[in-house]
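S.K.: Before anything else, here's the structure in question.
The values are calculated or read from the model by the stated rules, or taken from the named source; none is laboratory data. Because the structure is predicted, anything quoted here is derived from the model rather than measured. Cβ placement follows ideal geometry from the backbone for every residue including glycine, while neighbour counts extend to all protein chains displayed. Heavy atoms of the whole protein, side chains included, go into the accessibility calculation; ligands, DNA and RNA do not. Shrake-Rupley method; radii C 1.70, N 1.55, O 1.52, S 1.80 Å.
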Protein chains: 2
Amino acid sequence: MAKQVENAIQDVYPDDFSWCYGCGRLNKEGHHFRTGWDGDQTVTIYTPRPEHTAVPGFVYGGLTASLIDCHGTGSAALALHRKNGHEPDDDAEAPRFVTASLEVKFLKPTPQDVPLKAIGEVEEIHPKKFKVHTEVYAGDVLCSKGEVVAALMPESFGK
Amino acid sequence: MAKQVENAIQDVYPDDFSWCYGCGRLNKEGHHFRTGWDGDQTVTIYTPRPEHTAVPGFVYGGLTASLIDCHGTGSAALALHRKNGHEPDDDAEAPRFVTASLEVKFLKPTPQDVPLKAIGEVEEIHPKKFKVHTEVYAGDVLCSKGEVVAALMPESFGK
């Protein structure tokens with residue numbers, strides 16, 4: 001199992017769409033989530049900051065939700081990019097997805113000071129829409145499960 | 001409609017459970033979401049920071065999810081506190097809830113630089129469990145809908 005993500009889809013998002021607080025490489029204040037392939041699964045690894053607490057010792061659920069969210073859009077982008085014949089380590093710009101819906105089930109309190117690993121399976125539900133099933137582990141412990149429906153960002157987005 | 005929340009349930013959470021990155025009054029780095037009654041509805045008002053962006057001009061979905069999450073646990077705490085005969089402006093410590101599940105539907109891009117208002121309806125589904133139905137508005141525009149199942153924090157939580 002990967003210990004870090006070497007080739008992340010976020011490295012090849014177009015500059016204009018790389019400002020996301022969760023995963024944008026250009027957002028100086030953000031989390032800089034990085035999502036890549038690990039075989040046929042997708043993976044994002046992140047160690048929450050000390051302030052990302054729910055109660056002392058345990059991770060804030062909103063951070064887990066954020067991780068699942070960006071892992072979902074990143075996984076959808078990875079899948080469509082691969083379908084288009086590309087991998088994150090070639091020069092092509094990746095497609096950018098937006099979240100249509102997000103579901104998180106919190107199964108166990110998530111311990112702090114442990115790297116979290118989001119592992120995703122991507123399901124195509126429409127040529128421009130993917131469902132990403134994600135499990136979030138702290139070490140070997142499955143702490144949360146999530147589901148994101150990610151839709152290809154419309155060209156009109158934000159206009 | 002309230003422009004700010006005067007008496008927030010987070011003001012009367014026990015100190016040990018006031019460190020949440022989303023809504024803990026003692027977390028110096030956090031969002032300090034504050035949730036109160038507005039008639040029979042619950043309300044949380046928050047203006048995202050400039051870095052909380054998805055793409056420039058629009059709010060990060062993970063921030064919306066975080067708002068809905070803490071608004072949900074806060075609303076459940078308000079409801080049980082009222083059932084126990086208390087309001088946030090009396091001296092009693094409020095009960096503390098944890099999120100069992102969180103669902104968010106992103107309906108429209110959420111514009112930045114506008115106060116967001118989460119408005120909730122609380123449904124008791126078990127004496128220790130509440131479902132909170134939330135709508136998030138930016139000005140008059142309904143941008144997201146959410147549902148949180150919040151469970152009374154077990155005494156063993158985090159032990």
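S.K.: Of the residues B:Glu6, B:Glu103, only one is facing another protein chain (nearest Cβ under 8 Å) and of a type in the set (D, E, K, R); which?
M.R.: B:Glu103
S.K.: Give the residues of the stretch B:145-159 that are more than 10 Å from every other protein chain (Cβ to nearest Cβ) and in a strand (DSSP E or B), sorted by residue number.
M.R.: Correct list: B:Ala150, B:Leu152.
S.K.: Could I ask something else about it? From B:Ile119, B:Ile125, which residue is at negative phi and loosely packed, with under 13 Cβ neighbours inside 10 Å?
M.R.: B:Ile125
S.K.: I've got another one for you. Any residue at all in the stretch A:34-45 that's within 16 Å of A:Ala138 (Cα to Cα), within 14 Å of another protein chain (Cβ to nearest Cβ) and within 14 Å of the chain's Cα centre (by Cα)?
M.R.: Yes, the stretch A:34-45 has at least one match.
S.K.: Which of the residues that make up the stretch B:72-124 are under 26 Å from B:Leu142 (Cα atoms) and of a type in the set (S, T, N, Q)?
M.R.: B:Thr73, B:Ser75, B:Thr99, B:Ser101, B:Thr110, B:Gln112
S.K.: Out of (1) within 30 Å of B:Ala151 (Cα to Cα); (2) out of contact with any Lys or Arg (no Cβ under 7 Å at 6 or more places or on another chain), the odd one out for A:Thr44 is which?
M.R.: All conditions pass for A:Thr44, except number (2).
S.K.: For the stretch B:130-159, which positions are open to solvent by less than 10 Å² (accessible area, probe 1.4 Å), over 22 Å from A:Thr110 (Cβ atoms) and of a type in the set (A, V, I, L, M)?
M.R.: Result: B:Val136, B:Ala138.
S.K.: Test B:Gly85 against the stated conditions and say whether it is away from chain A (no Cβ under 13 Å) and closer than 30 Å to A:Ala100 by Cβ.
M.R.: So B:Gly85 fails the test.
S.K.: Moving on to the next point. What number of residues in the stretch A:116-135 are touching a Gly at 6+ places or on another chain (Cβ under 9 Å) and free of Cβ contacts under 8 Å to residues at least 24 places away in the same chain?
M.R.: Residues that pass the stated criteria total 3.
S.K.: Mind counting the residues in the stretch B:111-137 that are farther than 17 Å from B:Asp69 by Cα and within 14 Å of chain A (Cβ to nearest Cβ)?
M.R.: 3
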